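Participant: My questions will all concern the structure given below.
The values are calculated or read from the model by the stated rules, or taken from the named source; none is laboratory data. None of these values were measured; they are calculated from a predicted model. In this analysis, Cβ positions are derived from the backbone assuming ideal geometry, glycine residues included, and neighbour counts consider all displayed protein chains. These accessible areas exclude ligands, DNA and RNA; they are computed on the full protein's heavy atoms, side chains included. Shrake-Rupley method; radii C 1.70, N 1.55, O 1.52, S 1.80 Å.
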Amino acid sequence: MSRIHLMTIPNILTLSRIALIPLFVVLYYCQPTYTDTPIFTWINFSLTGVYAAISLTDYLDGYLARKLNMTSKLGAFLDPVADKLMVSTALVLLVDYYPSNTHWYISVCALIIISREILVSALREWMSTVGQRSTINVSFIGKVKTFVQIFAILFLLYQQPFFGLPSFEIGVFLLVVATLLTLYSGLIYLKEGIKTFKS
């Protein structure tokens, strides 16, 4: 396949999602210690905005690939890689920001979510080797989990009142919900994968 065919709009969006991750990390570490300063507000808003943009491309690349019939092997490879980089990076930074001695529940949720991503990736790799990769597709629960997870991370990153509502409390609630959905969807993947070990 030529380079022109590889660089479809969906693939460019996926690559841009990966390219934005370093900027996201830099903005995170540029936040000043004091949260009641204008510079913190500006950087924090930019940080949250970048993650929102990354999350938006997650939806757009898949939608455009189906809508424009531009699916490709490269896109099928890059999309889950970009997803896992995006989520894992954000969760690791949140664990860094919220100390485990006072916010242990965030660390536990992050550990469960990242572990599940590793497990599912390994399971998909195994399914590919036995020629049954297509039997494990993203379930509806998995899509809901991703949606809730994105908003959980956005609220936890924002760290400021959201139209008078407590961003932290909303973010923690959504993160717990996302973790429960992560466990449930992970069990679905695992159940399907175990079938191949018995065959």
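Participant: Inside region 1-20, can you point out the residues that are β-branched (Val, Ile, Thr), open to solvent by 20 Å² or more (accessible area, probe 1.4 Å) and either under 26 Å from Gln160 (Cα atoms) or under 15 Å from the mean Cα position of the chain (by Cα) (or both)?
Facilitator: Ile18
Participant: Quick check on region 91-120: of everything there that is β-branched (Val, Ile, Thr), in contact with a helix residue (DSSP H, G or I) (Cβ under 9 Å, 6 or more places away or on another chain) and more than 21 Å from Ile188 (Cβ to Cβ), which residue is least open to solvent (accessible area, probe 1.4 Å)?
Facilitator: Ile106
Participant: Restricting region 167-199 to residues that are hydroxyl-bearing (Ser, Thr, Tyr) and either in contact with a strand residue (DSSP E or B) (Cβ under 6 Å, 6 or more places away or on another chain) or surrounded by 20 or more Cβ atoms within 10 Å (Cβ to Cβ) (or both), which is modelled with the highest pLDDT?
Facilitator: Thr179
Participant: A further question follows. When you look at Ser88, is it among the hydroxyl-bearing types (Ser, Thr, Tyr) and either surrounded by fewer than 13 Cβ atoms within 10 Å (Cβ to Cβ) or under 16 Å from the mean Cα position of the chain (by Cα) (or both), yes or no?
Facilitator: So Ser88 passes the test.
Participant: Between a residue in region 81-110 that is outside any helix (DSSP H, G or I) and any residue that is not hydroxyl-bearing (Ser, Thr, Tyr), which pairs come within a Cβ distance under 8 Å, given they are 6 or more apart or on different chains?
Facilitator: The qualifying pairs are Tyr98/Ile106; Tyr98/Leu156; Ser100/Ile106.
Participant: Yes or no: region 35-51 includes at least one residue that is open to solvent by less than 80 Å² (accessible area, probe 1.4 Å), under 24 Å from Val177 (Cα atoms), free of Cβ contacts under 8 Å to residues at least 60 places away in the same chain and assigned to a helix (DSSP H, G or I).
Facilitator: Checked region 35-51: at least one residue is open to solvent by less than 80 Å² (accessible area, probe 1.4 Å), under 24 Å from Val177 (Cα atoms), free of Cβ contacts under 8 Å to residues at least 60 places away in the same chain and assigned to a helix (DSSP H, G or I).
Participant: What is the residue count in region 61-90 for residues that are in contact with a helix residue (DSSP H, G or I) (Cβ under 8 Å, 6 or more places away or on another chain) and either closer than 26 Å to Ala122 by Cα or of a type in the set (S, T, N, Q) (or both)?
Facilitator: Final tally of qualifying residues: 20.
Participant: Something else now. From the residues in region 52-80 that are of a type in the set (A, V, I, L, M, F, W, C) and closer than 23 Å to Leu156 by Cα, which one is least open to solvent (accessible area, probe 1.4 Å)?
Facilitator: Ile54
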